[in-house]
Structure formats: structure tokens, C-alpha cells
Amino acid sequence: MKKIITAFTLLSLLSCGKEEKKTSVDFDMFVFSFTTDAANFSIKFTPGDTVYMKTSPVDYSYSLLTEDKRDSAYAIIKEINFSKYDTMYTNDNIIDGTSFKFYKTKNDTVNWVYVYENETPKELYKAADKLIQLQKGQKWVPVKGKQDFGNLDYIELPNPLNTIN
């Protein structure tokens with residue numbers, strides 16, 4: 001009987017190990033697209049530590065986020081309250097400029113905001129800046145095959161310099 005109690009106690013102690021921290025997300029896919037004369041890319045976040053980048057219609061890569069970067073990305077995404085914003089902020093008088101788009105899916109619901117002007121709520125520019133900074137320093141590994149980046153309307157990614165058939 002003493003051995004059974006000891007074994008049960010040991011099993012109980014071993015099963016009480018450190019619980020893994022799980023961050024909840026309110027999206028199935030979140031894509032941030034950014035385009036200027038100097039840089040063009042779309043980054044796809046999914047619930048997990050892998051992010052995907054698209055730099056042309058056929059060029060894809062992936063990178064793994066550290067736990068801190070992943071949690072930062074989730075916090076930035078959570079700050080964007082799509083119901084608070086219009087879907088488009090554009091100015092026909094701008095010829096060259098910065099544009100960006102936030103695109104989020106959850107189940108069958110799609111939310112997005114496209115920006116191509118200066119009269120946009122400042123919070124959207126702050127979220128875009130944070131996402132741009134977040135991806136800097138990541139090591140990107142090319143991926144073969146196509147990745148789903150949702151609706152990239154209004155985002156013009158350059159054609160690749162060299163296409164491999």
C-alpha cells in the first residue's frame with residue numbers, strides 16, 4: 001500500500017510540470033502588405049510561429065518567429081479594430097507613395113483596410129510601422145509552391161527578375 005501511495009504521489013508531482021503558455025489569437029490568417037518605391041512585400045501571420053513573405057507574384061519565403069516576436073505580432077494585430085475604420089483611405093492626387101493593407105480572416109469573416117493617403121487614422125500608421133520593424137532581422141528561407149495570402153487587391157508586388165520554370 002505504501003508503494004502505491006508513493007508511486008501515485010510521484011506521478012502527481014511529475015504531471016504538475018510547467019504549463020506551456022498559449023497565446024490566444026482572434027484570426028485564422030492576417031496579412032500585412034506594404035509597398036513603396038523601395039520595398040514591396042506581404043507578410044502572412046497564422047496562429048503559430050511561422051510567418052510567410054511574398055515579394056512578387058511567384059516568390060515566397062518563410063521565417064520562424066521567437067515567442068516574444070510572435071506575441072508582439074499578435075498584440076499588434078489585436079489592436080486593429082477593423083469595425084472602427086473605413087475599408088479604404090485613398091487620395092487620387094498621389095502618384096507615388098506608400099500604401100499598405102491589413103487583411104484578416106476568422107472563420108468565414110474577412111476584414112481589411114487599405115491605405116494610400118495621409119489623412120488616415122494615426123493608429124493604422126503606428127500598427128504598420130510596428131509590423132515593418134517586427135519583420136526586420138528575420139531570416140527568410142525560400143519556399144517552393146504557392147501560399148494563400150488572401151485578397152491582395154490594390155497591392156502591386158513587382159514581377160520577379162528571374163523566373164525559373
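The values are calculated or read from the model by the stated rules, or taken from the named source; none is laboratory data. What you see is a predicted model, and the numbers here were worked out from it, not measured in a lab. Neighbour counts run over all protein chains shown; Cβ positions are idealised from the backbone, glycine included. Side chains included, ligands, DNA and RNA excluded: accessible areas come from the protein's heavy atoms. Shrake-Rupley method; radii C 1.70, N 1.55, O 1.52, S 1.80 Å.
What pairs come out if I take residues in region 117-143 that are of a type in the set (Asp, Glu) and pair them with residues that are outside any loop (DSSP other than H, G, I, E, B) whose C-beta lies under 9 Å away, six or more apart or interchain?
Final answer for the pair search is GLU117/TYR89; GLU117/THR90; GLU117/SER99; GLU119/TYR89; GLU123/GLU79; GLU123/LYS84.
Could you list all residues from region 70-123 that are open to solvent by 60 Å² or more (accessible area, probe 1.4 Å) and of a type in the set (Val, Ile, Thr)? Even if it seems obvious, please write down each step before you answer.
First, pick out the residues of region 70-123 that are open to solvent by 60 Å² or more (accessible area, probe 1.4 Å): 78-79, 81, 83-84, 86-88, 90, 92-93, 95-96, 98, 106-110, 112, 118-119, 122-123.
Matches in region 70-123: THR87, THR90, ILE95, THR98, THR109, VAL110.
When you look at ASN165, is it farther than 16 Å from ASN40 by Cα and either open to solvent by less than 90 Å² (accessible area, probe 1.4 Å) or at pLDDT 90 or above (or both), yes or no?
Working: farther than 16 Å from ASN40 by Cα: yes; either open to solvent by less than 90 Å² (accessible area, probe 1.4 Å) or at pLDDT 90 or above (or both): no.
So ASN165 does not fit the description; no.
Restricting to region 58-76, name every residue that is β-branched (Val, Ile, Thr), farther than 13 Å from GLN135 by Cα and assigned to a helix (DSSP H, G or I). Give the derivation first.
If we filter region 58-76 for residues that are β-branched (Val, Ile, Thr), which is where we start, we get 58, 66, 76.
Now narrow it down to the ones that are farther than 13 Å from GLN135 by Cα: 58.
Answer for region 58-76, where residues must be β-branched (Val, Ile, Thr), farther than 13 Å from GLN135 by Cα and assigned to a helix (DSSP H, G or I): there is none.
Is at least one residue of region 132-145 crowded, with 18+ Cβ neighbours inside 10 Å and at pLDDT below 90? Outline the logic, then answer.
Initial filter on region 132-145 (crowded, with 18+ Cβ neighbours inside 10 Å): 134-135.
Pick out the ones that are also at pLDDT below 90 and you get 134-135.
Yes; the residues of region 132-145 include at least one that is crowded, with 18+ Cβ neighbours inside 10 Å and at pLDDT below 90.
Give the residue, chosen from ASP148, ASP153, ASP86, that is in a loop (DSSP other than H, G, I, E, B) and more than 20 Å from the chain's Cα centre (by Cα). Can you show your working first?
Details: ASP148 fails: more than 20 Å from the chain's Cα centre (by Cα); ASP153 fails: more than 20 Å from the chain's Cα centre (by Cα).
Testing whether each residue is in a loop (DSSP other than H, G, I, E, B) and more than 20 Å from the chain's Cα centre (by Cα) leaves just ASP86.
Of everything in region 1-43 that's closer than 30 Å to VAL141 by Cβ, modelled with pLDDT under 80 and among the hydroxyl-bearing types (Ser, Thr, Tyr), which residue is least open to solvent (accessible area, probe 1.4 Å)?
THR23
Being within 21 Å of PHE41 (Cβ to Cβ) and at pLDDT 95 or above: is that true of TYR89 here?
On the way: within 21 Å of PHE41 (Cβ to Cβ): yes; at pLDDT 95 or above: no.
It is false that TYR89 is within 21 Å of PHE41 (Cβ to Cβ) and at pLDDT 95 or above.
With respect to THR46, is the statement that it is under 11 Å from the mean Cα position of the chain (by Cα) and either among the acidic types (Asp, Glu) or at pLDDT 85 or above (or both) true? Spell out the reasoning first.
Numbers: under 11 Å from the mean Cα position of the chain (by Cα): yes; either among the acidic types (Asp, Glu) or at pLDDT 85 or above (or both): yes.
Yes; evaluated as a whole, the condition is true for this residue.
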